[in-house]
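Scroll down for the structure; my scribbles are underneath it.
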Amino acid sequence: MWMPFFSGFGTGGGLIVAIGAQNAFVLSQGVQRNRPLLIALICAVCDATMILIGTAGMGALVVQSPVLQQVALWGGALFLTAYGARSFLSAWRGGNLKAEDRVIRSLWALIGTTLAVTLLNPHVYLDTVVLVGSIASQFGEQRFLFAAGAICASFLWFFALSYGARLLAPFFQKIWAWRALDGMIGVVMWIIAFSLIKPILLG
């Protein structure tokens, strides 16, 4: 009975743990102790919603809609490029954990940025709606048990990442550590952005 749940947990965990724009953002904000509960909750709830949508059979609709694909692709690429540039600028300027301009103090700006990092990356839809949804369909009537496992993995990961990042706070008192993190985030953002438009550029 629990086989679909554990299969979903393993599948969801494997997809989510990979370093990406969303995880890099959660890590950077977690180190700053900037509303970790809110950020983890937004990411996990978004993941859960998309997993349920995919499990309910909507994954095929997303794949078959060229308009949705193009909007998500270019919107995500532009956002990731801009965010990556901002990270490189921060790396060049230097700083440490006490730097005031690092924290997104506006609640709405923080919510908006978290949603953007989460929802403007087409890979998120491919992983949750399409991939998880298609695998879940193989379990028939137990597909929502599979989805429950994937959702549990998502909640566990984001809360562990958001709150666990606090342990790194002393390390990020050093300027070079922040430069390294900002540089890594910039590289990750630009790699993902390029991977989105690569088929078009090289097409």
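Couple of notes before you dig in:
- Within the shell defined by Cβ-Cβ distances under 15 Å, the residues around G13 carry a net charge of -2, with Lys and Arg each +1 and Asp and Glu each -1.
- Computed from the C-beta positions of R93 and A160 and an R0 of 25 Å, the FRET efficiency is 0.25 to the nearest 0.05.
- Loop trypsin sites (Lys or Arg not before Pro), segment 144-203 (other Cβ atoms within 10 Å of the site Cβ: 12 or fewer; DSSP): K174
- Modelled label positions at L201 and F6, each set 7 Å beyond Cα in the direction of Cβ, lie 4.4 nm from each other.
- Given their separation in residues at 0.36 nm each and the Cα-Cα distance between them, I191 and V45 gain 50.0 nm when the chain is fully extended.
- Segment S137..A85, full-extension length gain: 14.7 nm, with 0.36 nm per residue of separation and the alpha-carbon distance subtracted.
- Packing-based ranking of 117-124, 29-36 yields 117-124, 29-36, ordered from highest to lowest mean Cβ neighbour count within 10 Å.
- Förster-model FRET efficiency, 30 Å R0, W74 and I175, C-beta, rounded to 0.05: 0.25
Taken together, the values in this text are just the output of simple stated rules run on the coordinates, not laboratory data. Since the structure is predicted, the reported quantities are computational estimates derived from the model, not experimental observations. Backbone-built Cβ (ideal geometry, glycine too); neighbour counts: all protein chains shown.
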